[in-house]
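Quick notes on the structure that follows.
Taken together, the values in this text are just the output of simple stated rules run on the coordinates, not laboratory data. Computed from a predicted model, the values in this text were never measured in an experiment. Every residue, glycine among them, receives a Cβ derived from its backbone with ideal geometry; neighbour counts consider all protein chains shown.
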Amino acid sequence: MPRPAIQNRRAFSLLEVLMASTLVAVALVGALAMLRDAMAASQTIDNRLLMTNYAVSKLEQELAFVAGNWTSGATVGDFASDGHAEVRFTTTRSDAVLDGGLVDRLMHIQVTTYVDHDGDDVLDATEKQCTYRTKVGRFASYEALATP
């Protein structure tokens, strides 16, 4: 004898609840993994942008210094005063031919910034870096503007 059809079903079966829960769990795991990866990529992009901005700023400082004082040299430091002690820099200024300059006529300037993850104040092979370089000519008008 056939069973009568249930007309007004008011609840879900255990199997339906289990299947729906499994589907939601799988979707959440995928979404959370994607969110974690996006946050890591965002941190990497932020670090690279920070290094780029600091490198350009330091390069402009070095250009202004060289325009007024034609002196070779190198400096190292960090940006702790801006709240970023982990971001470090090295700068070199040279008019030597081997460095790409011309003695008393063309100065080669290079700035490298990096995030010092291990805190040893040394740029390691595994640490990301940002390097900018330029050259500036020696002009009397630059030196005249720099002297008060």
Rounded to the nearest 500, what is the 222 nm mean residue ellipticity of the chain from helices alone, with -39500 (n - 2.57) per DSSP H run of 4+ residues and division by all residues?
-15000 deg cm²/dmol
Computed ³J(HN,Hα) along region 102-118: with the Karplus parameters 6.51/-1.76/1.60, θ = phi - 60°, integer Hz and x for glycine or proline, the list is 10, 3, 6, 9, 9, 9, 8, 10, 9, 10, 10, 10, 7, 8, 8, 5, 8
Ellipsoid equivalent to the chain - semi-axes via the Cα gyration tensor, in Å
65, 14, 13
What ranking do 21-28, 53-60, 98-105 get when scored by the average of other Cβ atoms within 10 Å per residue, highest first?
53-60, 98-105, 21-28
Mind checking the full-extension length gain between Ala80 and Lys135? Use 0.36 nm per residue of separation minus the Cα-Cα distance, one decimal, nm.
17.0 nm
Note, ³J(HN,Hα) from phi for region 13-20, Karplus 6.51, -1.76, 1.60, rounded to Hz, x at Gly and Pro:
6, 4, 5, 5, 5, 5, 5, 5
Debye, to nearest 20: dipole size of the chain, +1 on Lys, Arg Cβ, -1 on Asp, Glu Cβ:
1040
